[in-house]
Amino acid sequence: MDISLRGWLRTLEECGKLKTVSRAVDARFEAAAVAKKLSPDYCVRFDNIKGHTVPVVCGLASTREDFAKSMGLTVHELMERFNQALERPVPCELVPGEGCAVKERIIQGADVDLERILPACVHHEKDAGKFLTAAMLITKDPETGIRNVAIHRHQLKGGNKLGALLLPRHTWSIFGKAESRGKPLEVALVIGCHPALLLSSQATTRLGVDEFEIAGALTGAPVKMVKCETVDLEVPVECEFVLEGRLLPNIRESEGPFGEYPRTYGPESSKHVLEITCVTHRAQPIYHTIVPATTEHLLLGAIPREAVMTQLIRQAGPNVLAVNLTPAGGCRYHCVIQIDKRNAGEAKNAMFAAFTSSTEVKHVVVVDKDVDPFDPYDVEWAISTRCQAGRDVFIVRGAMGNKLDPSSDNGVSDKMGIDATIPWTDPNREHFLKMEIPGLDAIDLSEYLD
Ligand code: MN
């Protein structure tokens, strides 16, 4: 399977899902605005970003179908495949750097001027400046040598400097190990990758799993990697840009604000700083940016999280059918779990498992198998007809949540579970039956209408 950005763009073009813009477009707001108007129906390539020669793509995959199709799968198959990939990762393959396209241009030293090299965009009104939003950050745990891959936002700070937001997850804890010894942490940022690599980078697995090994299992072949020029790290052969550098110890500088996935701004504060020592790129590279809170951004977070949650909830109770992290909840905070309920109390156990899967999960709704967890109307119907708040809603106060949730107390958050399933022991179960018109689905209106 072709896991290059270019291969995927060709596929999008063939099926009419790639729009191109040849007129001059400003990297400040205008590109994001056009891309947002085209989302989720189309990917867009801007061939003439003002002041730059490098084209910008946006919206590589904006529906569940797009992500599945990029791996030649259906949506249902993608969830199953992701679960298998988490259980059986495939090690990456190191290949020689000679002739590797991403090394066609190598820029070092004083020539590393990121604003000049990258057509980075300003996405939202109050953003502090230009941000890289689709760069995967590769590091290695200094104690185990195991690779970690993550996407963080990176603010261009002039010259070779970037600001970064590290939430208390894997990169944060790996960097902490280096920083506690007063040492920098080598990093590589890769931009311009296939959706499968981006998706695997978002797997919410335990620390110590190389996300590119999950990508190998997802795509059915080891991900080919090549050594960096100035740091002791490897990057995927198939990418457009590589930024090599270091996360600096004991330095924090102003970063943000930045419009984030909850459709609110993450505030300005003192955050981590990276220094880029070398940039390699293809002779005619393509730059990828993700407009925050579009479905491209949200689903990148949702699909891997849903797979991990499905696994965890299955351990708590085998009857889970589907998990949906809903877009209006930023694909992080709100979760709908569909179960084939067989036992009293089962819905609550599913909620406990969902809350433990990620600190971000805040409100959980559990529905029966006759309710479509991906249809907000159906979910609300279940809450309205199957739930009594005094009996079916529980609240846990003061758990660990997400700092980007503006209603949290700097990340400390209440959790709420809503059981919208039919009470198992209710003697009047038929009162809950969803009414149906027999034969509705089989009606072909063209046979009826004049
Ligand atoms: Mn990780």
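Rg and Dmax of segment 165-318, using alpha carbons, in Å: what are they?
16.9, 53
Starting at 0 and stepping by 5 Å, how many percent of the alpha carbon pairs of segment 232-280 end up in each bin?
Here the calculated profile for segment 232-280 is 5, 16, 16, 15, 17, 19, 10, 1.
Under a plain spin-label model, where a point goes 7 Å from the Cα along Cα-to-Cβ, how far apart in nm are residue 251 and residue 65?
The two pseudo-label positions are separated by 4.8 nm.
May I ask for the Rg/Rh ratio of segment 193-257, computed from Cα atoms with Rh as the Kirkwood radius, given to two decimals?
On the way: Rg = 14.4 Å, Rh = 14.0 Å.
Ratio value, two decimals: 1.03.
Obtain the radius of gyration and the Kirkwood radius of segment 1-115 from its C-alpha atoms and give Rg over Rh.
Values: Rg = 17.6 Å, Rh = 17.0 Å.
Reported Rg/Rh (Cα atoms, Kirkwood Rh): 1.04.
Per residue, how large is the accessible surface of segment 123-281? Use a 1.4 angstrom probe and give square angstrom. Walk me through the numbers on the way to the answer.
On the way: 5190 Å² over 159 residues.
Per-residue accessible area for segment 123-281 comes out at 33 Å².
May I ask for the equivalent-ellipsoid semi-axes of segment 97-150, computed as the square root of five times each C-alpha gyration tensor eigenvalue and listed largest first in whole Å?
Numbers: eigenvalues 131, 84, 25 Å².
Values for segment 97-150, descending: 26, 20, 11 Å.
List every residue whose amide H lies under 5 Å from the amide H of residue 288, counting only residues 5 or more places away in sequence or on a different chain, with H placed 1.01 Å from N in the peptide plane.
57, 192
How big is the accessible area of residue 144 in square angstrom, nearest 10, if you roll a 1.4 angstrom probe over the protein chains?
80 Å²
State the Cα centre-to-centre distance between segment 316-372 and segment 117-165 in whole Å.
Cα centroid to Cα centroid, the span is 32 Å.
Taking just the alpha carbons, could you work out the radius of gyration and Dmax for segment 259-362, both in angstroms?
Radius of gyration, then largest Cα-Cα span, for segment 259-362: 18.5, 62 Å.
In percent, how large is the relative contact order of segment 80-149, given Cα pairs closer than 8 Å and 6 or more residues apart?
Numbers: 25 pairs, mean separation 9.1, N = 70.
Averaging sequence separation for qualifying contacts and normalising by length gives 13 percent for segment 80-149.
Taking loop as defined by DSSP and a crowding limit of 11 other beta carbons within 10 Å, which chymotrypsin sites (Phe, Trp or Tyr not before Pro) in segment 383-450 fit?
On the way: sites: 394, 424, 432, 448; in loops: 424, 448.
Passing both the DSSP loop test and the Cβ count: 448.
Can you work out the Karplus-derived ³J(HN,Hα) for every residue in segment 437-450? Use 6.51 cos²θ - 1.76 cosθ + 1.60 with θ = phi - 60°, whole Hz, and x for glycine or proline.
Going residue by residue, I get 9, x, x, 4, 5, 7, 5, 10, 4, 5, 7, 10, 7, 6 Hz, with x marking Gly and Pro.
Can you run the Rg to Rh ratio on segment 268-324? Use alpha carbon positions and the Kirkwood inverse-distance Rh.
Values: Rg = 18.9 Å, Rh = 15.7 Å.
Here Rg/Rh amounts to 1.20.
Ordered by residue, what ³J(HN,Hα) values in Hz, to whole numbers, does segment 422-427 give under the Karplus form 6.51 cos²θ - 1.76 cosθ + 1.60, where θ = phi - 60° and Gly and Pro are x?
Running phi through 6.51 cos²θ - 1.76 cosθ + 1.60 with θ = phi - 60° gives 5, x, 4, 9, 4, x Hz.
Regarding segment 69-212, what are the three Cα extents along the principal axes, ordered largest first, in Å?
Sorted from largest, the Cα extents of segment 69-212 read 45, 41, 38 Å.
Rg and Dmax of the chain over Cα atoms: what are they, in angstrom?
23.0, 79
Would you give the gap between the C-alpha center of segment 194-250 and the C-alpha center of segment 34-59, rounded to a whole Å?
Segment 194-250 and segment 34-59 have Cα centres spaced 24 Å from each other.
In the Gaussian network model of the chain, springs joining C-alpha atoms below 10 Å, which of 260, 14, 186 carries the largest mean-square fluctuation?
Looking only at 260, 14, 186, the biggest GNM fluctuation is shown by 14.
What FRET efficiency do you get for residue 221 and residue 397 if R0 is 51 Å and r is their Cβ-Cβ distance, rounded to the nearest 0.05? Could you put the intermediate results ahead of the total?
On the way: r = 48 Å, r/R0 = 0.93.
Efficiency at R0 = 51 Å is approximately 0.60.
Would you work out the relative contact order for the chain, in percent, from Cα pairs under 8 angstrom that are 6 or more residues apart? Kindly include the intermediate steps, with their values, before the conclusion.
Values: 997 pairs, mean separation 65.1, N = 450.
Relative contact order, the chain: 14 percent.
Pick from 22, 200, 357 the residue whose mean-square fluctuation is largest in a GNM of the chain, springs joining Cα atoms under 10 Å.
So, out of 22, 200, 357, the one fluctuating most is 22.
Would you kindly derive the ³J(HN,Hα) couplings of segment 247-256 from the backbone phi angles with the Karplus curve 6.51 cos²θ - 1.76 cosθ + 1.60 (θ = phi - 60°), listing them in order in whole Hz, with x for Gly and Pro?
Using θ = phi - 60°, the values come out as 7, 8, x, 6, 10, 9, 9, 4, 9, x Hz.
For every helix of n ≥ 4 consecutive DSSP H residues, a contribution of -39,500 (n - 2.57) applies; sum these over the chain, divide by its total residues, and give [θ] at 222 nm rounded to the nearest 500 deg cm²/dmol.
On the way: 12 runs with 118 residues, N = 450.
Calculated mean residue ellipticity at 222 nm is -7500 deg cm²/dmol.
Could you work out the percent of alpha carbon pairs in segment 131-228 separated by over 15 Å, rounded to a whole number?
62 percent
Could you give the semi-axes, largest first, of the ellipsoid that matches segment 295-450, computed as the square roots of 5 times the alpha carbon gyration tensor eigenvalues and rounded to whole Å? Spell out each step's value before the answer.
Values: eigenvalues 173, 84, 41 Å².
For segment 295-450, the semi-axes come out at 29, 21, 14 Å.
The values are calculated or read from the model by the stated rules, or taken from the named source; none is laboratory data. None of the values given here were measured: they were computed from a predicted structure. So basically every Cβ, Gly included, is an ideal-geometry build from the backbone, and we count neighbours across all protein chains shown. For accessibility, only protein heavy atoms count, side chains too; no ligands or nucleic acids. Shrake-Rupley method; radii C 1.70, N 1.55, O 1.52, S 1.80 Å.
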